[in-house]
Structure formats: structure tokens, C-alpha cells
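Beneath this line is the structure, given in C-alpha cells, with notes to follow.
The values are calculated or read from the model by the stated rules, or taken from the named source; none is laboratory data. Everything quoted here is computed from the prediction, not taken from an experiment. Neighbour counts are summed over all protein chains in view; Cβ atoms, including those assigned to glycine, are modelled from backbone coordinates with ideal geometry. In case anyone asks, the SASA skips ligands and DNA or RNA and just uses the protein heavy atoms, side chains included. Shrake-Rupley method; radii C 1.70, N 1.55, O 1.52, S 1.80 Å.
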Number of protein chains: 2
Amino acid sequence: MTGGPVIVLVEPQLPENIGMVARAMANFGLSELRLVNPREEFPNEKAIATASKADHIINGARVFDSLREAISDINFVFATTARERDGFKPVRSAVEAADAMRIKENSGQHTAILFGRERWGLNNEEISLADEIVTFPVNPAFASLNIAQAVLLMSYEWMKSGLERETDTAFRNKEMEPAHKATLYGLFEQLEEALDVRGYFRPKERKEIMVENLRSVLTRAAFSEPEIRLLRGVVSSLDHFSPKLPRGAGAPDHRKRTKENSN
Amino acid sequence: MTGGPVIVLVEPQLPENIGMVARAMANFGLSELRLVNPREEFPNEKAIATASKADHIINGARVFDSLREAISDINFVFATTARERDGFKPVRSAVEAADAMRIKENSGQHTAILFGRERWGLNNEEISLADEIVTFPVNPAFASLNIAQAVLLMSYEWMKSGLERETDTAFRNKEMEPAHKATLYGLFEQLEEALDVRGYFRPKERKEIMVENLRSVLTRAAFSEPEIRLLRGVVSSLDHFSPKLPRGAGAPDHRKRTKENSN
């Protein structure tokens with residue numbers, strides 16, 4: 001058991017959906033699945049096939065006759081619903097529910113999330129067995145999340161709740177930090193010299209402001225060390241070489257800049 | 001056009017997936033879909049059927065021969081990838097990307113999110129046309145998000161980015177706020193009196209601590225006004241009525257408590 005909320009499907013009708021649920025769970029680190037009175041016999045070949053690499057979740061899933069039995073060892077239960085219900089259950093967003101579950105699981109409590117039937121979700125009696133309701137901010141005009149999608153969203157928020165910062169990703173390109181200023185100034189120097197010898201900063205009176213503007217542009221881009229290396233290679237190429245000319249043309253090849261070649 | 005990022009599918013193979021993408025978008029308020037070189041002719045009956053109520057998105061989708069053309073009017077492009085790539089693209093979580101898109105869209109910029117082929121996603125050239133990479137915090141051992149699921153997660157984060165507080169839900173049960181203290185004290189009073197006349201707070205010396213403990217329990221539960229109304233009805237029932245007795249038994253029926261009946 002890897003920890004994390006138990007996913008409970010109440011009277012799921014289609015085995016393929018159960019397989020999709022298992023796949024959604026596996027993406028985001030959940031593994032414990034319980035089924036209450038599934039319509040088709042279980043374990044089920046179609047569920048296993050649809051689950052693909054997540055078939056271990058299907059094979060480990062427990063089947064119960066009633067919801068009450070399925071959650072008997074659980075401390076805190078969330079019920080997912082799409083439409084508003086009368087009653088006394090607090091309503092949470094998926095983010096709030098995930099954060100609450102993370103705290104409870106970390107302190108040793110068992111949590112579970114209930115998902116209802118494909119066609120009409122959970123009934124009021126089933127919701128009354130839960131502690132709180134979870135809902136997603138769907139557009140009411142087009143609300144059509146299926147069970148596997150609802151499980152996906154909850155599993156995703158569960159994974160995020162366990163990251164140090166919500167915005168952590170599986171990988172982060174560390175080379176994207178802005179370079180040290182010394183590196184940036186090296187680019188300025190090289191580029192400004194290459195431009196200067198080409199008469200770019202003319203008339204003389206405008207040179208200061210033109211340099212300032214150029215440096216602003218290169219600074220705001222926040223180039224990283226590797227990016228500046230690349231840009232300096234570009235500048236070198238432009239600076240030290242001439243475009244390839246048709247055979248026989250007379251322009252000198254400035255492969256190496258010499259005192260004679262520069263202005 | 002409702003605003004929000006354009007969803008771009010690059011060389012989608014299965015029309016059913018396009019339909020599922022449209023449904024995912026509609027759930028969370030997105031409506032502009034673009035297809036680059038779809039494998040099957042488009043518009044497509046299977047896509048429309050799978051899209052269900054979101055078929056307006058299919059019918060409004062634009063088809064392009066190349067990715068470059070598909071994003072020519074876009075200011076900022078995110079590319080979704082599952083695995084790490086070499087290169088200079090910043091990597092964002094879905095939350096960061098959604099927040100960034102919300103700011104840009106609010107200021108009039110057009111944004112887009114690229115999703116690749118079912119089997120192998122986007123190629124490096126396509127990613128190089130984007131500004132930044134988005135990725136989801138999947139468990140690398142079981143990473144298996146399909147296109148429609150990736151669109152669902154991005155659309156969900158887009159919707160959340162536009163809510164005033166990230167934890168807003170479509171509906172919130174306002175009756176769940178704790179009641180005013182006066183209401184709570186009314187419950188204390190009624191309950192304590194009903195218990196007192198039944199000899200609950202005995203021996204006399206323990207009454208103070210027993211009352212304190214009872215009030216702590218009822219306070220920590222943070223009952224709301226309707227909940228307290230309900231509980232007071234429960235107390236009334238217990239206080240004013242006797243259990244139904246077999247016919248002929250002699251116990252008085254305390255339907256109305258009178259001075260004669262009370263201790």
C-alpha cells in the first residue's frame with residue numbers, strides 16, 4: 001500500500017471505466033481501489049485490458065456488497081457530486097479536499113473518495129455516509145465529467161498536495177536561470193564592439209542612448225548562461241566571417257580579424 | 001469566442017479522441033480548437049458523436065496543414081510534453097501555465113496549448129515553435145496520460161485560474177457556517193435542562209465539569225444554525241415524548257410536560 005485515499009466506485013457499470021480509473025490513479029500515485037456491487041463480475045478481463053500497465057490496481061481491488069462495508073475502516077470520506085444537493089455536508093473544491101486528505105493521511109488516518117454510477121452518480125443515502133462533498137468547477141451548461149475523469153482530477157490534486165510547492169514539476173530546466181551579470185556584460189562587450197567597428201552607433205551623440213537601449217533589451221530577456229554562450233557564438237559568426245560568395249568573387253574572407261582588416 | 005487558450009492538436013489520429021478533447025474543453029469553458037493535419041478527414045462524424053453536447057466545438061474547429069500556420073496569430077504558445085527534452089524552453093507546471101495564460105488573455109494576448117500525437121506526442125521542431133513547455137507531475141513509472149486527459153487537466157487549471165479564490169466551487173453550502181453563539185447557548189440550555197431533570201448531572205460536585213465537557217463537544221462541532229435547529233428538535237423529541245409502548249401499558253404519555261409530570 002502506497003498510502004493516499006482509497007478510491008471507491010459505487011456500482012460501476014462498465015468494466016472499461018474501471019480500467020480507465022485504474023490508469024488515472026496510477027498516473028498520480030494512488031493504488032487502492034474498492035468496488036461496491038459492480039455490475040459485471042470482477043476481476044474482469046476488459047477492466048484488466050483497459051488498465052494497461054495499471055493492472056496491478058485492478059488485481060488488488062476489493063469488491064464489497066455494500067458501501068457501508070467498503071468504508072468501514074476509513075476515518076474520513078469525501079463524496080464526489082456534480083449537482084447541488086440539499087443537506088448538511090460541507091462542500092469542498094478538489095484542491096481543499098486534497099490538502100485535507102494529505103494532512104489526515106500524514107497523521108495516519110485513512111481517507112476515501114466515493115464516485116457514483118456512470119449515469120447518475122451517488123444517491124442521497126450514499127452521500128450521507130460520507131463526511132464531506134467534493135465538486136469540480138465545471139461549466140454547468142456542459143458538465144459531463146465521467147468517472148475516470150473525476151478520478152483523474154482528484155488523483156492529480158492528490159499528487160500536487162504532496163509536492164513541496166504546488167508548482168513543482170517532474171523535471172525543471174535548471175539552465176533557465178538568468179546568467180551572472182559578468183557573463184551578460186561579456187555579451188554586451190563582444191556585441192557592442194562588433195557593432196561599433198561596423199559604424200552602427202552613429203551619429204556619435206546617440207551612441208550612449210543606443211547602447212543603453214540595446215543593453216535593456218538583452219537584460220530584460222534574462223538570458224541564461226548557456227543561452228549567452230549560444231548568442232556569443234552567433235555574434236562571433238557574424239563578426240568573423242563573411243557570407244559565402246559565388247566562386248571568383250573578390251571579397252576577403254575575414255576568418256581571422258587582423259589589424260589590417262579592422263577599421 | 002469565449003476567450004481562453006486555443007487548444008491545438010498536432011496530427012491527431014483518432015476522431016474519437018478529438019471528440020473527447022472537445023468534451024474536456026467544454027467542461028471548463030474553452031471553445032476554440034485547431035487541428036494540424038488530422039489523419040482522418042474533418043469534420044468527422046465519429047468526432048461529433050463522441051463530442052456529445054460539445055459538438056459546437058467540433059463544428060467550429062479549424063484545420064491547418066502546418067503547425068506554423070495554426071499558431072500564426074498567437075502571441076504565446078505552451079507545448080505539452082511528458083518526457084524531458086533538451087533545449088532552452090522553460091518548463092512550467094499546469095498551474096503556472098494557466099496563471100500565466102490568464103494574465104496574458106486578460107491583457108488581450110492570444111495564447112495556445114499544443115498537444116501531440118497519440119503515440120509519441122510532439123517532435124522537437126514543433127516544440128521549438130512554442131515559447132514554453134508544460135508538464136504534469138505524473139509518476140514516471142506509470143505515466144500514461146492520453147491527449148484528452150492532458151487537455152482536461154489544462155482546461156481544469158484554466159478554469160481555476162479564473163476563479164477569485166482557487167478553492168471556489170460551483171456551489172458552496174452557505175448554511176455550514178457555525179451558528180451565532182446565542183443559538184448555540186439555546187441548545188445548551190435546552191439540552192442541559194432536559195438532562196438535569198433526568199438526574200444526569202450526578203453527583204452534584206461533578207456537574208460543573210460535566211457541563212463544561214458537554215459544551216466543549218457541542219462547540220467544537222461548530223454546528224450551523226440549521227443544524228442546531230435540527231438538534232433542538234431531536235432534544236425536544238427525546239424530552240417531551242416517551243417511546244411508543246405496547247397497548248395497555250401504563251406509562252404516561254408526556255406529550256406535554258406539565259408541572260405535575262416534572263420532578
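Tabulated values for the structure
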read-out: Gyration tensor (alpha-carbon) shape descriptor, segment B:84-166, a/c threshold 1.5; value: oblate
read-out: Rg and Dmax of the protein assembly as shown, Cα atoms only, in Å; value: 32.4, 128
read-out: Segment B:1-127: C-alpha gyration tensor shape, a/c 1.5 cut-off, then a/b vs b/c; value: oblate
read-out: Neighbour net charge for B:Gly19 - beta-carbon separation under 13 angstrom, K R +1, D E -1; value: -1
read-out: Shortest-first nm distances, A:Pro178 label point to equivalent points in other copies (7 Å, Cα→Cβ); value: 4.7
read-out: Shortest-first distances to equivalent copies, position A:Leu238, nm, label 7 Å out along Cβ; value: 8.4
read-out: Accessible surface ranking that places the most exposed of B:Lys204, A:Lys53, A:Lys207 first, with a 1.4 angstrom probe; value: B:Lys204, A:Lys53, A:Lys207
read-out: Heavy-atom accessible surface of the protein assembly as shown: percent carbon and sulfur, 1.4 Å; value: 51
read-out: Extension gain from B:Glu118 to B:Asn75, taking 0.36 nm per residue of separation minus the Cα-Cα distance; value: 12.9 nm
read-out: P(r), alpha carbons of chain B - 10 Å bins starting at zero, rounded %; value: 6, 22, 20, 9, 8, 11, 12, 8, 3, 0
read-out: Cα-centre dipole for the protein assembly as shown with unit charges at Cβ (Lys and Arg positive, Asp and Glu negative), debye to 20; value: 480
read-out: Helix-derived mean residue ellipticity, 222 nm - over chain B, DSSP H n ≥ 4, -39500 (n - 2.57), to 500; value: -12500 deg cm²/dmol
read-out: Three-way shape label, segment B:61-212, alpha-carbon gyration tensor, a/c 1.5; value: prolate
read-out: Position A:Arg39, label points 7 Å along Cα→Cβ, spacing to each other copy in nm (shortest first, one decimal); value: 2.9
read-out: Part-to-part distance (alpha-carbon centres) for segment A:13-92 and segment B:101-137, which is given in Å; value: 32
read-out: Pairwise FRET efficiency - B:Met210 versus A:Ser107, Cβ, R0 = 51 Å, nearest 0.05; value: 0.95
read-out: Added length on full extension, which subtracts the Cα-Cα distance from 0.36 nm per residue, B:Arg198 to B:Lys181; value: 3.6 nm
